[in-house]
Amino acid sequence: MLNLKTLANHQQARRKKTFSLKKIIAAIPLVLFFVIMPKLQAQDLSNLKEVKPFTISGSLSAMGGFYSVDGIEPRQPNALFNLSGNFTVNVYSLSLPFSFVLGNQEKNYSQPFNRFGVSPKYKWLTLHLGHRNVSFSPYTLAGHSFLGVGVEMNPGLFRFGAVYGNFQREVASDSTNLNAVPAFKRKGYAYRLGIGNKSSYFDFILFKAKDDTLSADGFNLNDNVLPAENLVLGISSRIQTKSKVFFELDYAASAYTRDLRADDIDKDDISFAKPIFSLFTPKTSSQVLTAAQAAIGYKGSDFGLSFRYKRIDPDYKSMGAYYFQSDLVSYTIEPYFKLFKRKLSVKSSLGFQHNNLNNTKAAQTNRSIGSFAVVYRPVRSLNFNFRYSNYGITQRDGYRTIDDTVRMAQNNKSISGGTSYTILKTNNSHSFNLNASFQALNDLNEQTSSFTENKNYNLQFNYAFTYMPSGFNLFASFIRTKSVTQIDQIRVFAGPGFGLGKQWLDNNLNTSLNFNIMSNKLNGDKEGNILNISFLSSYTIQKKHNLKFIYNFINNNSESTLTKAYKESTIKLSYTYTF
């Protein structure tokens with residue numbers, strides 16, 4: 001096998017002798033950039049008088065405080081201090097955001113110049129300069145960041161897009177830095193050509209990326225980093241008719257070479273693919289995989305029905321995207337409708353999914369997905385809602401028989417419902433909310449159910465009262481949660497909460513006091529209570545200066561042998577200036 005240095009020298013010599021179709025295609029974005037940019041600048045100059053050349057906005061904050069705890073190890077320093085800032089510099093239409101945090105709990109600094117980019121837009125023309133991410137379709141160029149240039153044009157029914165740049169920077173081997181993952185420098189380009197508008201269109205997409213083996217000087221041949229190449233051809237379409245029928249289609253075929261050092265394939269054996277040989281050289285390490293998704297349905301204001309299909313080959317990948325959940329096929333039906341003058345809304349979904357498309361895994365996993373949601377609002381002040389979902393997972397034998405002791409067969413069920421009622425008067429309001437939910441994981445395998453099955457019950461009630469003239473508000477709540485496991489452990493948390501709030505001095509001063517008490521029981525035996533008290537006061541001066549005081553106290557008088565009792569207090573005073 002050729003080493004990387006020999007391969008690099010061979011490719012460099014070949015590059016000097018040829019001027020191929022690949023170089024012409026890759027140069028198109030640069031040509032478009034230099035042709036279009038002067039015109040775009042000319043248009044922008046007419047608006048410069050209306051734009052401030054330089055502005056800065058943001059905030060600076062300083063915080064100091066004290067922390068004490070008795071019964072457990074401290075979770076914070078005894079003395080707290082923090083200085084932070086967020087500000088944005090605007091130079092004409094460019095925004096440059098900054099932020100920093102300095103203190104004895106957190107230290108960091110961030111600024112965007114390591115990855116800076118801009119996408120100026122004028123009417124139907126958009127340019128991409130610097131670090132950008134662009135999406136042409138879900139399975140071709142799908143949001144992968146690159147450093148380079150690009151253009152998108154949509155005049156009338158014509159749709160065109162092109163990008164060119166570095167999709168991966170070179171990272172040399174570094175035995176002193178475990179976080180440095182060796183990588184080749186990777187250049188790529190993509191084109192989109194189609195007709196239509198935002199709601200209805202048909203596009204052809206080409207994406208090409210290739211590792212630059214000349215960037216391998218700093219590599220260790222034992223790094224097991226292989227130079228790769230990728231060509232993706234795809235189509236993407238959305239059609240929305242006046243009759244509210246819609247159609248969606250995304251399809252892509254990805255030719256991926258894992259190792260450019262592998263031997264070439266005899267092109268006569270695949271003569272049907274000769275038109276793309278100028279863009280992609282097939283190797284013995286190459287593979288061609290496909291991905292597709294499609295949907296058809298009707299989307300009206302009071303009724304809708306859609307059918308969706310997705311299939312992604314095992315190990316499908318594109319250098320224009322970061323990740324795909326591959327090796328799956330799924331079918332989904334999604335109806336919804338509204339009745340009684342839209343007071344009642346019903347939405348549901350039912351789907352099936354499985355993997356092991358090539359039957360190369362030891363087992364095939366099957367999933368069923370079902371959900372149902374109802375919202376009923378008889379009057380504006382009253383609301384009822386109910387939601388149900390059921391997700392099932394089963395396995396069947398693949399290329400070998402699965403032992404029943406490890407076979408997966410589970411059912412995850414979720415049910416929730418609630419109601420809300422509001423009384424709104426001239427100078428006050430009352431609101432009531434009641435919500436309940438149930439979740440259960442049922443393991444259908446008797447060999448494993450005792451370790452995995454669990455059930456969770458949740459109940460929550462909230463009441464809020466507001467008296468507008470004085471800015472007074474009151475809050476009360478009750479929460480109860482119960483979890484049950486198969487090994488006969490039943491844990492219950494329950495308790496009330498109370499809160500008072502008041503606005504003073506033309507709403508510039510806000511104060512609030514909150515109490516929460518939560519009891520903890522395990523299998524009916526009390527394990528203690530948790531008391532939480534918090535007080536907040538905030539005062540704003542001339543909308544730019546803000547003083548804030550926070551006090552928080554926790555008393556956990558746990559009676560469990562596994563959890564220690566403790567008392568914890570935190571006091572914080574902060575000042576924020578906004579400009």
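Read-outs: derived from the displayed coordinates by stated rules, not from any lab. Quick caveat: nothing in here was measured; it's all calculated off a predicted structure. With ideal geometry, Cβ positions are generated from the backbone for all residues, glycine too; neighbour counts draw on all protein chains shown.
If r is the Cβ-Cβ distance from residue 472 to residue 66 and R0 is 25 Å, what FRET efficiency results, to the nearest 0.05?
Rounded to the nearest 0.05, the efficiency is 0.25.
Extension gain for residue 248 to residue 347 (0.36 nm times residue separation, less C-alpha to C-alpha distance): 33.6 nm.
Annotation: amide H of residue 92 within the under-5 Å range of 54, 55, sequence separation 5 or more or interchain, hydrogens built in the peptide plane.
Among 127, 147, sorting on how many other beta-carbon atoms sit within 10 Å of each Cβ, with the fewest leading, yields 147, 127. Label-to-label distance for residue 122 and residue 533 is 6.6 nm, based on points extended 7 Å past Cα in the beta-carbon direction.
Computed as a quarter of the hull surface, the mean projected area of the alpha carbon convex hull for the range 290-347 stands at 5.2 nm². The trypsin sites (Lys or Arg not before Pro) found in the range 502-579 that occupy coil by DSSP, while having at most 13 further C-beta atoms within 10 Å, are 543, 544, 564.
Averaging Cα coordinates gives a centre for the range 301-332 and one for the range 509-579; these two points are 46 Å apart. Looking at the range 302-389, the trypsin sites (Lys or Arg not before Pro) that sit in a DSSP loop and have at most 16 other Cβ atoms within 10 Å of their own Cβ are 341, 342, 343, 361, 380.
Once the convex hull of the alpha carbons of the range 485-579 is built, what does its volume come to per residue, in cubic angstrom?
With only Cα atoms used, the range 485-579 gives 130 Å³ per residue.
For the range 128-171, state the average projected area of the convex hull of the C-alpha atoms over all orientations, rounded to one decimal in nm².
The number I arrive at for the range 128-171 is 3.5 nm².
For the range 235-353, the relative contact order comes to 20 percent (Cα pairs under 8 Å, sequence separation of at least 6).
For the range 456-520, relative contact order (Cα pairs under 8 Å, six or more residues apart, normalised by length) works out to 28 percent.
Close amide H partners of residue 116, meaning residues 5 or more places away or on another chain with modelled amide H under 5 Å apart, are 131.
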